[in-house]
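Here's the structure, in structure tokens; my notes come after.
The values are calculated or read from the model by the stated rules, or taken from the named source; none is laboratory data. This one's a predicted model, so the numbers in the text were calculated from it and none came from an experiment. With ideal geometry, Cβ positions are generated from the backbone for all residues, glycine too; neighbour counts draw on all protein chains shown. The accessibility values were calculated without ligands, DNA or RNA, using every heavy atom of the protein model including side chains. Shrake-Rupley method; radii C 1.70, N 1.55, O 1.52, S 1.80 Å.
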Amino acid sequence: MSTLKTEEEIEIMAEAGKRLASVLEASAKSVRAGMKTKEIDELSNRLIREAGCEPAFLNYRPHGAKKAYPATACVSVNEVIVHGVPSDYVIKSGDIVKIDLGLKHEGFYVDAAVTVGVGAIDAKKKELIETTKKALELGIEEARPGRTLGDIGFAIEHCVKAKGFSVVDLLTGHGVGRDLHEDPYVYNSGRRGEGEELKEGMVIAIEPMVAAGKGRIKQLDDDSFATADGSASAHFEQTLAITKNGPKVLTRI
Ligand code: MG
């Protein structure tokens, strides 16, 4: 069951989202060839704390996970889709880097992600990034009272498939609020009119994760997820509230 948020709660989450957006923007702008992925993590940790908030992912243990997450940011490069653990990996020109960040502010969580192309990226990676970004916007457009989770998933998958790319298997968006991951699962595929009906007061994170190749995924030693065929992947995410006037994006940069 999805928890509905009051207008006051959504106001708190909007403030949280504003702070997260500025941290994510600064972290994304810092990305350049020659830096280590752990430097992005250090910067985002410092900026979240300077904003008076707590990192949401640090020490977070998802249901069923073997160990708690050891960092502030998830930094996933090229074929790694999500949950990449920041490390000594040195970013190079041509890489695509996904930064996923969450924070807690006055008891509420918000969650957002972007994909950044570094230096000269090839045309396919560029199209993959643009398509994933567009799929997110089309999904957000569906987030209105009376529509369904299936409408969101359909809009995302339709956009992705039209370019010959694939929504990755198993990984989904989610409700967000007093917990980082709440009901419902927000699938990146679906059928129009199917699934849970969207209601005013729902707050969800929509996050298309898209592979240039096939959608099959594998889990790596650091618990991150990568495409099984080694193809590049992209990821964008926004936290938004469903209001009577339509979607209100809380984490817009
Ligand atoms: Mg998320």
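If you look at the Cα atoms of the chain, you get an Rg and a Dmax of 16.8, 48 Å. R46 to E196: FRET efficiency via 1/(1 + (r/R0)^6), r the Cβ-Cβ distance, R0 45 Å, to the nearest 0.05? According to the calculation, E is roughly 0.70. For the set K36/K133; K36/K163; K104/K125; K98/K161, the pairs lying more than 28 angstrom apart at their alpha carbons are K36/K163; K104/K125. Of the listed residues S189, S93, S44, the order by accessible area with a 1.4 Å probe, largest first, is S93, S189, S44. In summary, the helical segments of the chain meeting the span-like criteria, namely a full DSSP H run, a Cα extent along the axis of 15 angstrom or more and a mean Kyte-Doolittle hydropathy of at least -0.5, are 7-30, 149-162. From its DSSP helices (H runs of at least four residues, each -39,500 (n - 2.57)), the chain gives a residue-normalised ellipticity at 222 nm of -9500 deg cm²/dmol. Quotient of the Cα radius of gyration of segment 82-157 and 2.2 N^0.38 Å, N being its number of residues: 1.38. With Rh defined as the Kirkwood radius, the inverse of the mean 1/r over Cα pairs, the Rg/Rh of segment 83-216 is 0.99. For segment 1-100, the extents of the C-alpha atoms along the principal axes are 45, 32, 21 Å, listed from largest to smallest.
Over all projection directions, the Cα-based convex hull of segment 162-253 averages an area of 7.5 nm².
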